[in-house]
1. Out of (1) β-branched (Val, Ile, Thr); (2) under 13 Å from the mean Cα position of the chain (by Cα); (3) modelled with pLDDT under 85, the odd one out for Ile2 is which?
2. Take the residues in region 114-134 that are of a type outside the set (Val, Ile, Thr) and open to solvent by 60 Å² or more (accessible area, probe 1.4 Å); name whichever of them is farthest from Ser95 (Cα to Cα).
3. Has region 31-51 got any residue that is outside any strand (DSSP E or B), of a type in the set (Gly, Ala, Ser), under 18 Å from Leu143 (Cβ atoms) and in contact with a Pro (Cβ under 6 Å, 6 or more places away or on another chain)?
4. What are the residues in region 30-72 that are among the polar types (S, T, N, Q) and at pLDDT 80 or above, if any?
5. Could you list, in sequence order, all residues of region 5-19 that are within 25 Å of Asn89 (Cβ to Cβ) and surrounded by 18 or more Cβ atoms within 10 Å (Cβ to Cβ)?
6. Looking at region 135-154, I want the residues that are more than 18 Å from Ile121 (Cα to Cα) and open to solvent by 30 Å² or more (accessible area, probe 1.4 Å) and have a partner that is part of a helix (DSSP H, G or I) and not hydrophobic (A, V, I, L, M, F, W, C) with Cβ atoms under 8 Å, at least 6 apart or on another chain. Which pairs are those?
7. Report yes if some residue within region 101-112 is open to solvent by less than 80 Å² (accessible area, probe 1.4 Å), without any contact (Cβ under 8 Å) to a residue 40 or more places away in the chain and part of a strand (DSSP E or B); otherwise report no.
Amino acid sequence: DIMDAEGPDAELLIPNGKRIKKVQVGKNMLNYDSMLVLSHFKGHPMGGFGGALKQLSIGCASSYGKAYIHGDAAEAVVRHFNGNMVFINVMKNMSVDCDCCSVAEDPCMADIGILASLDPIAVDRACLDLVYASDDPGRDHLLERIESRNGAHTIDAAAELGFGSKEYELVKL
């Protein structure tokens with residue numbers, strides 16, 4: 001399924017939303033009771049970085065929904081699937097730009113690995129922490145993008161909404 005295919009859209013409520021109270025998603029999302037979210041962790045020209053939370057909000061929004069939001073809509077998708085979700089962030093070919101940019105900068109950091117979690121907030125926080133802990137020469141370039149856009153605010157705001165936690169245990173396999 002192409003989740004944001006032509007409408008009519010489905011609407012998910014965001015009762016605890018800080019700015020918006022509903023999000024429009026592709027109607028076919030309602031055909032499923034679980035979701036695997038596979039994200040390419042990297043910088044982003046607007047949000048600072050893209051990871052699981054961005055995939056949940058913008059990635060699941062319909063065309064109309066994408067134009068309407070770019071924030072706490074992730075909560076609505078998590079609530080819809082009621083814990084039946086897995087999040088995988090791939091920390092490879094990390095650039096300061098998103099894959100959605102028509103002309104994105106080349107990757108600036110070496111590959112770190114693949115992270116998986118049942119919590120979208122924890123997996124994004126862990127990715128961000130691994131970037132901070134890296135001694136890669138491209139680290140500062142990526143962090144400048146993330147920090148100049150207040151990227152970590154997305155993680156903090158999502159944690160305040162209570163559908164995940166910034167706490168995690170990193171287990172290397």
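1. Failing condition for Ile2: (2).
2. Leu118
3. No - not one qualifying residue is present in region 31-51.
4. Across region 30-72, the qualifying residues are Asn31, Ser34, Ser39, Gln55, Ser57, Ser62.
5. Residues satisfying the conditions are Leu12, Ile14.
6. Arg139/Tyr132
7. yes
The values are calculated or read from the model by the stated rules, or taken from the named source; none is laboratory data. Bear in mind the structure is a predicted one, so any value in this text is a computation, not a measurement. Glycine gets a Cβ as well: all are built from the backbone with ideal geometry, and neighbour counts include every protein chain shown. Calculation scope for accessible area: heavy atoms of the full protein, side chains included, ligands and nucleic acids excluded. Shrake-Rupley method; radii C 1.70, N 1.55, O 1.52, S 1.80 Å.
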